[in-house]
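Here's the structure, in structure tokens; my notes come after.
The values are calculated or read from the model by the stated rules, or taken from the named source; none is laboratory data. Here the structure is a predicted model, which means the values were calculated and not measured. As a convention, Cβ positions derive from the backbone with ideal geometry for all residues, glycine included, and neighbour counts pool all protein chains shown.
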């Protein structure tokens, strides 16, 4: 007789915009149940609780104590992921953390260590890794179809209004946002780039605040990368380009090229064709991507989040690591911090960063 599948209770720490996407993702899963929200801003917590018909708290520690909660979802501002994640792990709860995992490698390490010590699972939200277009590219890399990787680039030329930054006291701050256009908006594609191309060896960079006021961080960044395998690359990340363009990633080698814009593959060409190429070409014969979050952070789907919650619960069931675990989530944070250091010092910065 088949064992009845467990339903996992989930509590969400944070009641801002992204918390709504977490809640919608949880509600889409048959083996997950949204239990409560927690936020220090009581009206926000209460509104989310009412919206989803669940309990709310102003003290996340009280929510974590509940026996019917197995997983804690962290949807707070980036620079305060650490404390609730560590507290959740100490309470024996599995943890799933919105990107970035934290705002420095050292703070990421504390989350990873706490989860390891408590023997709970830790997942870092990077839904782009679950998109078909990126899975196809990753498979092609693993199969050696690009030959020798030579260049890997990503461009996240987005737009955010001044009102966006003024709408929350944490936005555009080093302490709570961890950075600007790179750490907040471009982090997904930074993660994809290193996932495809492998570890980054060193970076050089410029950053600037060119189109906004009253923020501490960059709205424009350009970095040059040297990968460990010898390939070169470029990262451009902005919130300063009106009206905002679809994010783009390009992977090149001496035997192939693949280019993706948002969820579409717009270039797929290899020296030797395989059966899968027809499938890819057919899937992306017509563009399916709309505007994405190029100018509106709310213009995203919660499907990617749903897939990550499903993966985490499967990892718990099978006692395996989540597809994007803590150490994987840390990688993009370290690269971005290296870029910030390079821009500040005007020098080439090598990875891994010294602790």
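Structure data summary
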{"quantity": "Residues of the stretch 1-17 satisfying the condition of being crowded, with 23+ Cβ neighbours inside 10 Å and on the phi < 0 side of the Ramachandran plot", "calculated": "10, 11, 12, 13, 15"}
{"quantity": "Residues satisfying the stated conditions in the stretch 135-172, i.e. over 30 Å from residue 210 (Cα atoms) and part of a helix (DSSP H, G or I)", "calculated": "135, 136, 137, 138, 139, 140, 141, 142"}
{"quantity": "Matching residues, the stretch 209-228, being farther than 23 Å from residue 331 by Cα and surrounded by fewer than 16 Cβ atoms within 10 Å (Cβ to Cβ)", "calculated": "210, 213, 214, 216"}
{"quantity": "Test for residue 15: is it touching a residue at least 24 places away in the same chain (Cβ under 8 Å), touching a strand residue (DSSP E or B) at 6+ places or on another chain (Cβ under 6 Å) and in a loop (DSSP other than H, G, I, E, B)", "calculated": "yes"}
{"quantity": "Selection status of residue 246, buried (at least 19 other Cβ atoms within 10 Å of the Cβ) and in a loop (DSSP other than H, G, I, E, B)", "calculated": "yes"}
{"quantity": "Selection within the stretch 30-53 - farther than 26 Å from residue 102 by Cα, touching a helix residue (DSSP H, G or I) at 6+ places or on another chain (Cβ under 7 Å) and assigned to a loop (DSSP other than H, G, I, E, B)", "calculated": "31"}
{"quantity": "Of the criteria (1) in contact (Cβ under 8 Å) with a residue 24 or more places away in the chain; (2) closer than 27 Å to residue 85 by Cβ; (3) out of contact with any helix residue (DSSP H, G or I) (no Cβ under 7 Å at 6 or more places or on another chain), which one residue 123 fails", "calculated": "(3)"}
{"quantity": "Those strands (runs of 3 or more DSSP E) lying entirely in the stretch 54-134 with at least 3 residues assigned by TED's automatic domain parsing to the domain that holds residue 261", "calculated": "none"}
{"quantity": "In the stretch 133-147, the residues that are at negative phi, in contact with a strand residue (DSSP E or B) (Cβ under 9 Å, 6 or more places away or on another chain) and surrounded by fewer than 18 Cβ atoms within 10 Å (Cβ to Cβ)", "calculated": "none"}
{"quantity": "From the options 294, 234, 276, residue that is in contact with a strand residue (DSSP E or B) (Cβ under 7 Å, 6 or more places away or on another chain), outside the structural domain of residue 22 (by TED's automatic domain parsing) and not in a strand (DSSP E or B)", "calculated": "294"}
{"quantity": "Any hit, the stretch 311-331, residues being assigned to a strand (DSSP E or B) and in contact (Cβ under 8 Å) with a residue 40 or more places away in the chain", "calculated": "yes"}
{"quantity": "Some residue of the stretch 20-42 being within 22 Å of residue 117 (Cα to Cα) and touching a residue at least 40 places away in the same chain (Cβ under 8 Å)", "calculated": "no"}
{"quantity": "Residue in the stretch 139-149 that is over 16 Å from residue 270 (Cα atoms) and either at pLDDT below 95 or outside the structural domain of residue 104 (by TED's automatic domain parsing) (or both) present", "calculated": "no"}
